[in-house]
Amino acid sequence: MKGVILAAGVGTRLAPITNTRSKPAVPVANKPLIEHIIGSLKGAGIVDIVIIVNTSGELEKLLGDGSRLGVKLQYAVQEEQLGTAHAISLVKEMVTEPFILVNGDNLVPLSVVNELVEKFNGTATITLLKADDLSALSTCELDGNKVLKIVEKPKPGEELSPYASIGTYAFSPELFDYIDKVEKSPRGEYELPSAMDLMLQAGKEMTWVETGQFQHLSYPWDMLSETVVFLDEMEESREGTVEDGAVLKGKVSIGKGTVIKSGAYIEGPVLIGEDCTIGPNCFIRAYTTLGNKCRVGNAVEIKNSVIFDGTNIPHLSYIGDSVIGENVNFGAGTVLANFRLDKQNIKMEVKGKLVDTERKKLGAIVGDNTKFGSNVVVNPGRKIGANCNIWPGTVVIKDLDDGEEHK
């Protein structure tokens, strides 16, 4: 079977992290999301993969021909974002055998791909998950192991079952015949579920498999949830140097060239990349990941946070439940607060709407190349864009756009 990955999306809900990279390139456990997806396909024996990308050229540059990853990659460019069915139509001439189709913003475990390959009925088999909220997903009417009907993004009362499609499918090339017949949806897009429904109306048999394993990257705080999944399953590796007087408890993985200095206290699971300097006298708490070439200095505490490559947190700072982009620099005494005084859920503005994160603890989401002066406090749930300058002694109480000066 061949693999097809839908990776042309930008991921605006993940801003400011996606202001400087596409969603499939967002690092999860120190590796781009799309590399995790490719790894699952490869693990299931699928090494011939087509990736549908946007016009930026980012993923082509990142992944090349796939030889670094042990696979063969081809690319199809979607110049306009006209929907999933339109995207798939672009690979019709490249895919002439049965194929696994995966959304490029889902962390798909190897076990899910293996089961899909094993139970593929030769025409169409999809993966479903029980979900409480189906409004942003596809709902399905079922009869035993057969799918009878699909409705995309159902309104209240239109739900056909408690199951939703998670964007992982097995199809025969026959799908392209129905994609060619798809009309625009009420949302103005050519959507894959419309093609699937046309298949069903034509009497084609569609089966399904259920999964309980699903991680979808929709909002910035989803990165914290995904990190928990990966670090719980991580195999420990210590390739760096640990000085006498440093304490490492639980699973702690350390990359090549990294130095853990005396007095550092690390409570796993924690993942630290290559060529980092950690300590002396700092505290890194569970479910934290640090990318390559990061620095964590004296009297710094980091808790349950995702920190990208090249970021410096040199001294006297607290980072709690936060996502920090590349090459961010923190001045002494910076505090990213993660808990409301009134103990209410933290809300974050996403695309102009206030969204309940359903988290009691959530710090800041910080874009690439932002600089903090000394003694800065950032209130819980704030988003700070890329290339911002936060002046010393200030309190950040509102979201900041890319390049903003906060005085």
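The values are calculated or read from the model by the stated rules, or taken from the named source; none is laboratory data. Small disclaimer: the values here were computed from a predicted structure and weren't measured. Here the Cβ is made from the backbone with ideal geometry for all residues, glycine too, and neighbour counts use every protein chain on show. Only protein heavy atoms, including side chains, enter the accessible area calculation; ligands, DNA and RNA are left aside. Shrake-Rupley method; radii C 1.70, N 1.55, O 1.52, S 1.80 Å.
From the list Leu400, Leu336, Leu341, exactly one residue is more than 20 Å from the chain's Cα centre (by Cα) and closer than 15 Å to Ala15 by Cβ. Which is it? Show your work before the answer.
Working: Leu336 fails: closer than 15 Å to Ala15 by Cβ; Leu341 fails: closer than 15 Å to Ala15 by Cβ.
Residue meeting the stated conditions: Leu400.
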Report summary line: Exception for Gly325 within (1) crowded, with 18+ Cβ neighbours inside 10 Å; (2) in contact with a Leu (Cβ under 8 Å, 6 or more places away or on another chain); (3) closer than 22 Å to Glu274 by Cα falls at (2)
Query - Residue selected from region 21-47 under the condition at positive phi and of a type outside the set (S, T, N, Q), by the criterion nearest to the chain's Cα centre (by Cα) - result: Ala29
Requested in this report: Taking Asn387 as meeting all but one of (1) part of a strand (DSSP E or B); (2) in contact with a Ser or Thr (Cβ under 9 Å, 6 or more places away or on another chain), write down the number of the exception.
Outcome: (1)
Requested in this report: Collect the residues in region 278-297 that are in contact with a strand residue (DSSP E or B) (Cβ under 8 Å, 6 or more places away or on another chain) and over 19 Å from Glu235 (Cα atoms), keeping them in residue-number order.
Outcome: Ile278, Gly279, Pro280, Asn281, Cys282, Phe283, Cys294, Arg295, Val296, Gly297
Query raised in the report: Just for region 257-278: of the residues that are under 25 Å from the mean Cα position of the chain (by Cα) and either among the basic types (Lys, Arg) or surrounded by fewer than 19 Cβ atoms within 10 Å (Cβ to Cβ) (or both), which one is nearest to Pro27 (Cα to Cα)?
Result: Glu274
Query raised in the report: Any idea which of Ser161, Ser111, Ser165 is among the polar types (S, T, N, Q), within 25 Å of Gly39 (Cβ to Cβ) and either assigned to a strand (DSSP E or B) or open to solvent by less than 50 Å² (accessible area, probe 1.4 Å) (or both)?
Result: Ser165
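This table checks each residue for (1) touching a Gly at 6+ places or on another chain (Cβ under 7 Å); (2) within 30 Å of Ile384 (Cβ to Cβ).
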{"position": "Met1", "(1), (2)": "no, no"}
{"position": "Asn19", "(1), (2)": "yes, yes"}
{"position": "Ile38", "(1), (2)": "no, no"}
{"position": "Leu41", "(1), (2)": "yes, no"}
{"position": "Leu63", "(1), (2)": "no, yes"}
{"position": "Leu69", "(1), (2)": "no, no"}
{"position": "Phe99", "(1), (2)": "yes, no"}
{"position": "Ser111", "(1), (2)": "no, no"}
{"position": "Glu115", "(1), (2)": "no, no"}
Query raised in the report: Thr211 versus (1) open to solvent by 20 Å² or more (accessible area, probe 1.4 Å); (2) β-branched (Val, Ile, Thr); (3) touching a residue at least 60 places away in the same chain (Cβ under 8 Å): which is the lone unmet condition?
Result: (1)
Query - Criterion (among the acidic types (Asp, Glu), modelled with pLDDT of 95 or more and assigned to a strand (DSSP E or B)) met by exactly one of Asp356, Asp368, Asp402 - result: Asp356
Query raised in the report: Restricted to region 367-407, and to residues that are among the β-branched types (Val, Ile, Thr) and open to solvent by 30 Å² or more (accessible area, probe 1.4 Å), which residue is nearest to Val323 (Cα to Cα)?
Result: Val377
Query raised in the report: Trp208 versus (1) part of a helix (DSSP H, G or I); (2) under 26 Å from the mean Cα position of the chain (by Cα): which is the lone unmet condition?
Result: (1)
Query raised in the report: Do you know which of the residues in region 97-108 that are at pLDDT 95 or above and open to solvent by 30 Å² or more (accessible area, probe 1.4 Å) is nearest to the chain's Cα centre (by Cα)?
Result: Pro98
Query - Single match in Thr96, Thr84, Thr18 (criterion: out of contact with any strand residue (DSSP E or B) (no Cβ under 8 Å at 6 or more places or on another chain), over 29 Å from Glu233 (Cα atoms) and among the hydroxyl-bearing types (Ser, Thr, Tyr)) - result: Thr96
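Taking into account only those residues within region 227-253 that are among the basic types (Lys, Arg) and surrounded by 14 or more Cβ atoms within 10 Å (Cβ to Cβ), which is farthest from Ile278 (Cα to Cα)?
Once the filter is applied, the top-ranked residue is Lys251.
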Report task. Give Ile51, Ile38, Ile34, Ile46 a once-over and let me know the one that is touching a Phe, Trp or Tyr at 6+ places or on another chain (Cβ under 6 Å) and under 21 Å from Val117 (Cβ atoms). Result -> Ile51
Report summary line: Exactly one of Ile100, Ile37 is closer than 24 Å to Trp208 by Cβ and either in a helix (DSSP H, G or I) or aromatic (Phe, Trp, Tyr) (or both), and that residue is Ile37
Requested in this report: Evaluate region 342-363: report whether one residue or more is surrounded by fewer than 19 Cβ atoms within 10 Å (Cβ to Cβ), of a type in the set (Lys, Arg) and free of Cβ contacts under 8 Å to residues at least 12 places away in the same chain.
Outcome: yes
Report task. Select, from Lys31, Lys42, Lys23, the only residue that is within 30 Å of Leu400 (Cβ to Cβ) and surrounded by fewer than 20 Cβ atoms within 10 Å (Cβ to Cβ). Result -> Lys31
Query raised in the report: With Gly363, Gly385, Gly352, Gly393 as the choices, which residue is among the small types (Gly, Ala, Ser) and over 25 Å from Pro314 (Cβ atoms)?
Result: Gly352
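Got a number for residues in region 284-315 being touching a His at 6+ places or on another chain (Cβ under 7 Å) and among the hydroxyl-bearing types (Ser, Thr, Tyr)?
0
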Report task. State all residues of region 296-306 that are open to solvent by less than 10 Å² (accessible area, probe 1.4 Å), over 16 Å from Ala246 (Cα atoms) and not in a strand (DSSP E or B); if no residue qualifies, say none. Result -> Ser305
